[in-house]
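Read through the structure below, which is laid out as structure tokens, and then see the notes.
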Amino acid sequence: MDYRKAEPFKIKMVEPIKLISKEEREQKIIEAGYNQFALKAEDIYIDLLTDSGTGAMSDRQWAGIMMGDESYAGSRSFYNLEKSVHDIIGYKYFVPTHQGRGAENVLFPLLIHNKGDYVLGNMHFDTTKAHIELKGGVAVNLVIEDAFDTEKEHPFKGNFDLVALENFINGKGADKCAFIIVTITCNSAGGQPVSMENIKAVKKIADKYSLKIVFDSARFAENAYFIKKRENGYENKSITEIIKEMFEYGDMITMSAKKDGIVNMGGLIAIKEDEKIYEQVRSMVVPIEGFPTYGGMSGRDMEALAVGLREVVEEDYLEYRIDQIEYLGQRLIDVGIPIQRPVGGHAVFVDCKKFCPQIPFNQFPAQAVCVELYKEAGVRGVEIGSFLLGRDPETGENLESPMEFLRLTIPRRVYTNRHMDVVADALIEIWKRRDMLKGFEFTYEPEVLRHFTAKLKSVR
Ligand code: F0G
């Protein structure tokens, strides 16, 4: 028995959850048009929709909530948060925002100067891509090919393809490239980390072509932990040393604090030293998010974030966090269920192209497994595949996603490994009858962001 592997916390407050009957679940998912976004949270037993804003705060964070200073300008909580950001991230300037996409909305227009300019990323998250496109930019994914081969074991599947990155810049011209965005960890590729070596090499290329680097840093601490565990030369460095080194290679940060900030709402922009950009950010944040010392966050939430940022870099916490995802992933691997390997930072990504190959991409194989999982055990996951991707705006045809994932996203400090067992047991049951699974077709399809509001029916 390895006692170090138990949760590094004890539970002080609980929130009851209930498993409604199988008949009720079948009824609820029909009423929801087979779309898990339309389910009521109270009809869900274990909710693995997202790790965003769903974490459990610590007693110290709740104490911070009581101490929050709600002053409109110059709040004490702002200065406490500034100190945490400075100590952990190391950048000179920072502005709070209401969440990650708020940060993107303020920063990106200041960096994309011309319509059609390219933003080069390993793999953009949806809102990041959307904000780039809203500002007239074009988001380009340049992640390594290995990321698309779910069976291939590669320690850093979030890495940039450096040759592709440099070829792209040379091909289009550096003046057509707005900036480089490094997403840590790379959510869309399966919560996969980016190595320090790769970040350093991206920085070298950025310097060669005078391009700025922005980190999309929602899961920055998880990325640092993977570097410590998987990259030579980092095993004896502290998590904060690794974080500081990562960010040293960049110029700016956008952060959704709802993940590694372990708060329910919040975000930020940090700027290493560029005073001019900081001044622009500070002026733009006022009409969009709020006065620069609150930027869309209440004082109490800034106080909770100031504490959360310090807790997330604790190694005991990160060990527990990554172990839990690994635990769920390993249970699935043990019976041969195909998942993105190695297991990533915040979720287990089930490869549904391989899980139910009989379902074509335009009948959404991962949605089929997702619906079945709710019916089986009241567990809510999320489809990250062709259902999410949508249609080609020119031809109106369904686009085919390179990967059809069911994402089982684990909230921070919320569920125990016993909950993970329920999820694994349920998925193993479905795996046994996978040949029977059928795809879906639309009964209602909205024009934009269909994933959230579409209604479906089973293909007969
Ligand atoms: N960047 C990444 C890598 C993200 O995963 C997210 C959100 C955002 C930016 C946007 O941040 O939600 O605070 O506005 N990801 C969530 C998810 C929604 O479920 O993966 P936000």
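The values are calculated or read from the model by the stated rules, or taken from the named source; none is laboratory data. Predicted model only: the values in this text are computed from it and were never measured. Neighbour counts are summed over all protein chains in view; Cβ atoms, including those assigned to glycine, are modelled from backbone coordinates with ideal geometry. What goes into the accessible areas is simple: the full protein's heavy atoms, side chains included, and nothing from ligands, DNA or RNA. Shrake-Rupley method; radii C 1.70, N 1.55, O 1.52, S 1.80 Å.
Data overview
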read-out: Length released on extending from Lys152 to Lys229, taking residue separation times 0.36 nm less the Cα-Cα span; value: 25.9 nm
read-out: Local electrostatic count at Thr443 - Lys and Arg +1, Asp and Glu -1, tallied over other residues with Cβ under 9 Å; value: 0
read-out: Peptides ranked, highest mean first, by Cβ atoms within 10 Å: ranges 200-213, 100-113; value: 100-113, 200-213
read-out: Per residue solvent-accessible surface (Å²) - the chain, probe of 1.4 Å; value: 43 Å²
read-out: From phi via Karplus (6.51, -1.76, 1.60), per-residue ³J(HN,Hα) for segment 237-244 in Hz, x at Gly/Pro; value: 8, 7, 4, 5, 4, 5, 4, 4
read-out: In Å², nearest 10: area of Tyr91 left accessible to a 1.4 Å probe; value: 10 Å²
read-out: Lys10 paired with Asp421, simple spin-label distance in nm, labels 7 Å along Cα-to-beta-carbon; value: 2.2 nm
read-out: Distant-in-sequence amide H partners of His154 (H built 1.01 Å from N, under 5 Å); value: none
read-out: Sum of -39500 (n - 2.57) over DSSP H runs of 4+, divided by residues of the chain (222 nm, nearest 500); value: -12500 deg cm²/dmol
read-out: Stokes-Einstein D for the chain, Kirkwood Rh over Cα pairs, 25 °C, 0.890 mPa s (µm²/s); value: 108 µm²/s
read-out: Potential extension, Glu314-Leu399 segment - 0.36 nm per residue separation minus Cα distance; value: 26.5 nm
read-out: Above-threshold pairs, the threshold being 28 Å between Cα atoms, out of Lys83/Lys212; Lys176/Lys354; Lys22/Lys129; Lys10/Lys272; value: Lys176/Lys354; Lys22/Lys129; Lys10/Lys272
read-out: Separation in nanometres of the label points that stand 7 Å from Cα toward Cβ, at Leu134 and Arg76; value: 3.6 nm
read-out: R0 of 56 Å, Cβ-Cβ distance Asp392-Lys18: FRET efficiency to nearest 0.05; value: 0.85
read-out: Label-point separation, Ile288 to Lys176 (7 Å along Cα→Cβ), nm; value: 2.6 nm
read-out: Peptides ranked, highest mean first, by Cβ atoms within 10 Å: ranges 68-75, 173-180, 339-346; value: 339-346, 173-180, 68-75
read-out: Per-residue HN-Hα couplings for segment 339-344 [Karplus 6.51, -1.76, 1.60; θ = phi - 60°; Hz; x = Gly/Pro]; value: 9, 5, 10, x, 4, x
read-out: Segment 59-311 shape via C-alpha gyration tensor axes, a/c threshold 1.5; value: oblate
read-out: Segment 15-54: trypsin sites (Lys or Arg not before Pro) in DSSP loop, at most 11 other beta carbons within 10 Å; value: Lys18, Lys40
read-out: Backbone HN-Hα couplings from phi across segment 36-41 [Karplus 6.51/-1.76/1.60, Hz, Gly and Pro as x]; value: 5, 5, 8, 6, 7, 4
read-out: Amide H contacts under 5 Å for Tyr118, placed H, 5+ residues apart; value: Val138, Cys177, Ala178
read-out: Protection-proxy order for peptides 189-195, 284-290, each taking the mean of Cβ atoms within 10 Å per residue, highest first; value: 189-195, 284-290
read-out: Sparse-neighbourhood loop sites, GluC sites (Glu not before Pro) in segment 141-193 - DSSP loop, at most 16 other Cβ within 10 angstrom; value: Glu151, Glu153
read-out: Additional length obtainable on full extension of the chain from Met66 to Asn236, 0.36 nm per residue less Cα span; value: 57.5 nm
read-out: Of the GluC sites (Glu not before Pro) in segment 181-252, those whose Cβ has at most 15 other Cβ within 10 Å and which sit in DSSP loop; value: Glu235
